[in-house]
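Scroll down for the structure; my scribbles are underneath it.
Please treat every number below as a calculation from the coordinates, not as lab data. Bear in mind the structure is a predicted one, so any value in this text is a computation, not a measurement. With ideal geometry, Cβ positions are generated from the backbone for all residues, glycine too; neighbour counts draw on all protein chains shown.
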Amino acid sequence: MNCIHERARIEKGYAQQLTEWAKRWKQLVEKGPQYGTVEKAWCAFMSEAEKVSELHLDIKGALMNEDFEKIKNWQKEAFHKQMIGGFKETKEADDGFRKAQKPWAKKLKEVEASKKAYHAACKEEKLATFREANSKADPALNPEQLKKLQDKVEKSKQDVQKTKEKYEKSLKELDNTTPQYMENMEQVFEQCQQFEEKRLRFFREVLLEVEKHLDLSNIASYKNIYRELEQNIKAADAVEDLRWFRANQGPGMSMNWPQFEEYSGDLNRTLSRREKKKPADGVTLTGISQTGDQASQPNKHSSNLSVPSNTVQSVQSSYNPFEDEEDTGSTVSEKEDNKIKNVSSYEKNQSYPTEWSDEEPNNPFSSTDANGETNPFDEDTSLAVEVRVRALYDYEGQEQDELSFKAGDELTKTEDEDEQGWCKGRLDSGQVGLYPANYVELIQ
C-alpha cells in the first residue's frame with residue numbers, strides 16, 4: 001500500500017511539473033519573436049505536455065482509487081486484527097502448529113532426558129574404572145578400600161545398562177509418534193499454504209492491474225497525442241512563414257503614405273494625450289494673423305480663437321506614417337503645439353478686434369514675460385480662492401505645465417476643478433501648474 005501511494009504521489013508531482021512547464025513556456029513562446037507555423041509547432045509541445053499531464057493525473061487517480069483501495073479492502077477481509085495486537089490468522093496458524101507438535105515434543109523431552117542420564121552414567125563408569133586400575137598399582141592401599149572401588153565400578157556398569165535401556169525405549173517411542181506428528185503438521189501447513197496461495201494470487205492480480213494503469217502505450221489517446229505532435233511539427237513551413245512575415249512586417253505590409261489634403265473648415269483634430277486629459281475651455285482660435293514660422297500658443301483656459309488654414313495644412317502635411325503607434329494619437333495637436341510656440345512682438349503690437357481687449361480676464365495675451373511670450377500661469381486674484389490641499393498619491397507631471405508631487409505633500413490650490421478634472425495650484429517652492437483634482441484632499 002505504501003509502495004502504490006508513493007508512486008501515485010510521483011505521478012501527481014510529474015503531472016504538476018508538466019503543467020507548470022507548459023504554461024510558462026507557452027507564454028514565453030507567444031510573447032517571443034517566433035511566429036507562423038514554426039510557432040504553432042513549438043506550442044504543440046506545450047499542448048502535448050498538458051495532455052500527458054492529464055493522463056498521469058488519471059494514473060494517480062487509478063492507483064489510489066482502484067488499486068490502493070482494493071488492497072486495503074482485501075487486507076480487512078484476509079487479516080482480522082485482535083484486541084491484544086497482531087492478526088487472528090497468524091495466531092490460528094501458530095496454535096495449529098503448537099497443537100500438532102505437543103505429543104511429539106513431549107516424547108522428545110523424554111528422549112533428551114534419558115540420553116543425558118545415559119551419558120552421565122557412562123562418564124561415571126569410566127571414572128570408576130580408571131580409579132580401580134590406579135589403586136591396584138598402589139601398594140599402600142588396603143584391601144578394604146580396593147574392595148569399595150571394585151563395587152563402585154560394578155554399580156556404575158549396572159547404571160549404564162539401565163540408562164541405556166531407558167534411552168533406547170524413549171527413542172523408540174519417539175519414533176513411533178513421529179508419523180502422527182508429521183501428519184498433523186502437514187495438515188496445519190496445508191491450511192497455511194492455501195491461505196498463502198490466495199495472497200500470492202491476489203498480489204499477482206493487483207500487480208497486473210497496476211501495470212495496466214501505468215502502461216500508457218496501450219491507451220489510444222496517448223498514441224494520438226504524439227501522432228498530432230508529429231503532424232504539427234511536420235506542418236511547419238519555412239516558405240509560408242517567410243511569406244507571412246513579408247506581407248505583415250516587410251515590404252508587403254499596408255502603407256499610409258502622406259497625401260494631398262484640401263483645406264477643411266472643420267477643425268476636428270486628433271486630440272493629444274495631454275488634451276485628452278485636460279482640454280481647454282474653448283480651443284477655436286479666431287482673428288489671429290500669422291507671420292513666418294511663428295504662431296501664438298493658446299492657454300489651457302483661453303478664449304475662442306481661430307487658426308489660419310495654412311497652419312492646419314502645414315501641421316497635417318508633417319504627419320509621418322512611420323512614427324510609433326504611441327505618437328500617432330497626437331498627430332495634429334502635438335505638432336501644432338510644437339510649431340505654435342511664440343507670438344512675435346510684431347503680432348502683439350497689431351490691432352485686434354475689440355472683443356480681445358486686455359481688460360478681459362480670460363484673454364491669454366493679457367500678460368507677457370520679458371521675451372514677449374505668454375504666461376499661462378498668471379494668477380487671477382479677482383477670481384481665485386486659495387485653499388491648502390494635501391496629496392493622496394504620487395503624481396509625476398506629464399507636461400511642462402503640470403506639477404509633480406509625492407503622497408503627503410501639501411500645496412495651494414489657486415483655481416477650482418475644471419470640467420476635465422484638473423485644478424491649478426502652487427507648490428511651496430513657488431512652482432505653479434496643473435494637477436488632477438482627485439489626487440488631493442482639502443486640509444481640514
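Before moving on, here are some points about what is shown:
- For Ile219, the amide hydrogen comes within under 5 Å of no other amide hydrogen, counting only partners 5 or more places away or on other chains and with H modelled in the peptide plane.
- Estimated vicinal HN-Hα couplings, Hz - region 114-125 in sequence order (Karplus 6.51, -1.76, 1.60; Gly, Pro = x): 5, 5, 5, 5, 5, 5, 5, 5, 5, 5, 5, 5
- Segments 232-238, 252-258 sorted - mean Cβ within 10 Å per residue, highest first: 232-238, 252-258
- Here's how it looks for Asp409: its modeled amide H is under 5 Å from those of Ala391, which are all 5 or more places away or on a different chain.
- Cα Rg, Dmax (largest Cα-Cα span) when computed across region 88-203, Å: 25.3, 86
- Gyration tensor verdict on region 191-267 (Cα atoms; rounded if a/c is under 1.5, prolate if a/b is larger than b/c, oblate otherwise): prolate
- For Glu402, nonlocal amide neighbours, meaning residues 5 or more places apart or on other chains whose placed amide H falls under 5 Å from its own, are Leu434.
- Three-way shape label, region 118-167, alpha-carbon gyration tensor, a/c 1.5: prolate
- Filtered trypsin sites (Lys or Arg not before Pro), region 69-117: DSSP coil and at most 13 other beta carbons within 10 Å: none
- Rounded to the nearest 20 debye, dipole of region 88-203 from Cβ charges on Lys, Arg, Asp, Glu: 340 debye
- Rounded is the label for region 387-442. Its Cα gyration tensor axes, ordered a ≥ b ≥ c, give a/c under 1.5.
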